[in-house]
1. Hey, can you tell me all the residues within the range 1-21 that are in a helix (DSSP H, G or I) and either farther than 13 Å from residue 231 by Cα or free of Cβ contacts under 8 Å to residues at least 12 places away in the same chain (or both)?
2. Please work out which residue is modelled with the lowest pLDDT, limiting yourself to the range 162-186 and to residues that are surrounded by fewer than 13 Cβ atoms within 10 Å (Cβ to Cβ) and in a helix (DSSP H, G or I).
3. Out of the residues in the range 187-201 that are assigned to a helix (DSSP H, G or I) and either under 14 Å from the mean Cα position of the chain (by Cα) or at pLDDT 95 or above (or both), which is surrounded by the most Cβ atoms within 10 Å (Cβ to Cβ)?
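The values are calculated or read from the model by the stated rules, or taken from the named source; none is laboratory data. Nothing here was measured: the structure is a model prediction, and the numbers come from that model. FYI the Cβ positions are ideal-geometry reconstructions off the backbone, even for glycines, and counts take in every protein chain you see.
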């Protein structure tokens, strides 16, 4: 079985990546498992754990297996990959994808430095590690998929967002917004709703994942790289 690991910063990314993989692969073609890494390191003072959160469905001849690893913070994605890289190489994985937000630790001006830093200390003798940045947060991708807003509440239309908040998520570059998660909440409040990291399934289930994969990738380069990397794995 071909195996891929996707290391992400938290639960919102877990839910989104799982939905994206299923959309690209088809639910019957891939097994998906979710694990969390917590603790470890000098700062935490706690024992490092690598716990299963949701197990893969029983095998029915699927050719592909995707493990999504919740690292517990953007700043930990690279650390967790370095810690597990050799184990995943020995475990027969084809590659690792590291997905993290840019903010709050970095700004737009820092992105070139961040990309260089992510590649540093990654062992090229092991399976490849591919990096994807959500600029500035994964919520910028959710904003760009503006058709989902009326599915959250009919009052949240593009016209209402433009009139109330002064931007148009259908046409403006959402990756230039300084605080996309705050923008998401502001949009949701137009319909009396609240956007929080903890209600990620509600948002992700409202997204048109096919449109994200087929159309929005032409507007967002890192999202295009993520989809292309997953697609290349599924064609291996």
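1. Of all residues in the range 1-21, those in a helix (DSSP H, G or I) come to 11-21.
Residues satisfying the conditions are 11, 12, 13, 14, 15, 16, 18, 19.
2. 176
3. Residues of the range 187-201 that are assigned to a helix (DSSP H, G or I), as a first pass: 187-190, 197-201.
Now narrow it down to the ones that are either under 14 Å from the mean Cα position of the chain (by Cα) or at pLDDT 95 or above (or both): 187-190, 197, 200-201.
Values: 187: 28, 188: 20, 189: 15, 190: 18, 197: 13, 200: 20, 201: 14.
Residue satisfying both the conditions and the ranking: 187.
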